[in-house]
Structures are given as C-alpha cells and as structure tokens.
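Below is one structure, written out as structure tokens; comments come after it.
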Amino acid sequence: MRGAGWIVSAMLLGACGAEDVTASPEAPRPDEPLGQEAQSLDIRDTVTGSYDTTGVMYFTEDGVTEEMETFDVVTVAPRGAAPGLNVSILSFEGCEIPSLLTSPRSFLVFPKTCTASPAPGCTLVMAFNGGWGYVNRDEVLSVSLHSVLTGDCGAGPVEIDVVTQLSGPRISSPALTGTHTGETGMSALLRHLSRKTR
C-alpha cells in the first residue's frame, strides 16, 4: 500500500499544476524572449544601410529644367516595427523621411518637409512629396525623390520643383569623401539658388 500511496501523491501533484518534468528543456516558453538568431531576422536588412551615391538633380522653374550632377550618402534605417523605414540624406542632415518596405528589396518614400539653414541669412525648405527606392542583389541602391524647394538666401524667395535620382553601393562608414567630382546635394541646391537670385 505504501507504493500505491506514492503513486496517488504523484497524481495529485500533477493535477494541482506541478511542472511537467518530461517537457523538453530546449522548448521556449511563450513568455520567454526569443533567441538572438530569431530576433535578428528582419526582412528590412536587405535594404537598410548607408550607400555612397552619385546622380543628378533636376531643377524646374517657370517651365525650364536644368540639371546638376551630385553625390551624397543615403541611409536607409529601420523605423519602428517592420515594415517601417527612414530614409535620410547626409548633406541634408537631420531630415528623416518616413518610408515603407513594399517587397524584400524595394520601398516607397512618403511626404516629409525639412528645413535647413546652411548659411547665415539663408533658409531652405524641402517639401519631399514622395519617391521610391530599390536595392539590387549587388547591394546597389537606386532612389528617386520628388520635392519642392522653397528658399530665401538673400535675394528674395524662390520656389523650384526638384527631382533627385541617385544610385550607389552599400558602404560601411557614412562619411562624405573627396573622391567625387560633382557636388553634394546641398551644394547643388545652394549653387542653383545663387544662380536664380543674382
């Protein structure tokens, strides 16, 4: 009977919610955080990073379009939970444009207005109306942005339609270098405004 009593006691413990010692110790509980490998899986990794880009800026005012070659560093970063992203351009520092991943390698850019004062008495407002980006299998980013530039750099306000098209490879350090022959995006904007305000 002593053996039977031990069996009954074990059954009662099980019925009262005692831990099941036969469960696999490797099985995660619902309230435990996922392992490092599971946490690092994020489909946005295919597009996030900094890219050393070159391209063209098209300025349209009063029906006349001019173009300037430019270079810049474009950074695509996660924003909140997937599929949220931010797109920023180094020469327009501090402007993070909200974006959304639409496929493993492409994203849409949403409207955002950013202001910069690159020189005393000079204020630039870039109203980004949207755009798109794509990163190919060689980790080269192509991005196209449409914006309206309003500025007053000493000779009265101007309003210019701007289309920026950039492309370039992923890099490890987001720093502008002196290896390019064009102008940064900000330099191109300022030079174009100086032409218009003479």
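The values are calculated or read from the model by the stated rules, or taken from the named source; none is laboratory data. Everything numeric in this text was worked out from a predicted model, so none of it was measured. Here Cβ is always computed from backbone atoms with ideal geometry, including for glycine, and neighbour counts include all displayed protein chains. The area values use the complete protein model at the heavy-atom level, side chains included, leaving out ligands, DNA and RNA. Shrake-Rupley method; radii C 1.70, N 1.55, O 1.52, S 1.80 Å.
Residues that are farther than 21 Å from ASP45 by Cβ, open to solvent by 20 Å² or more (accessible area, probe 1.4 Å) and either within 8 Å of the chain's Cα centre (by Cα) or of a type in the set (Asp, Glu) (or both) within the stretch 63-112 comprise GLU66, GLU67, GLU69, GLU93, listed in sequence order. In the stretch 52-92, which residues are out of contact with any Ser or Thr (no Cβ under 9 Å at 6 or more places or on another chain) and hydroxyl-bearing (Ser, Thr, Tyr)? Result: THR60, THR65. Exactly one residue among PHE71, PHE92 is modelled with pLDDT under 90 and within 30 Å of GLU183 (Cα to Cα), and that residue is PHE92.
Considering (1) closer than 27 Å to GLY63 by Cβ; (2) out of contact with any strand residue (DSSP E or B) (no Cβ under 6 Å at 6 or more places or on another chain), the lone condition that THR113 does not fulfil carries the number (2).
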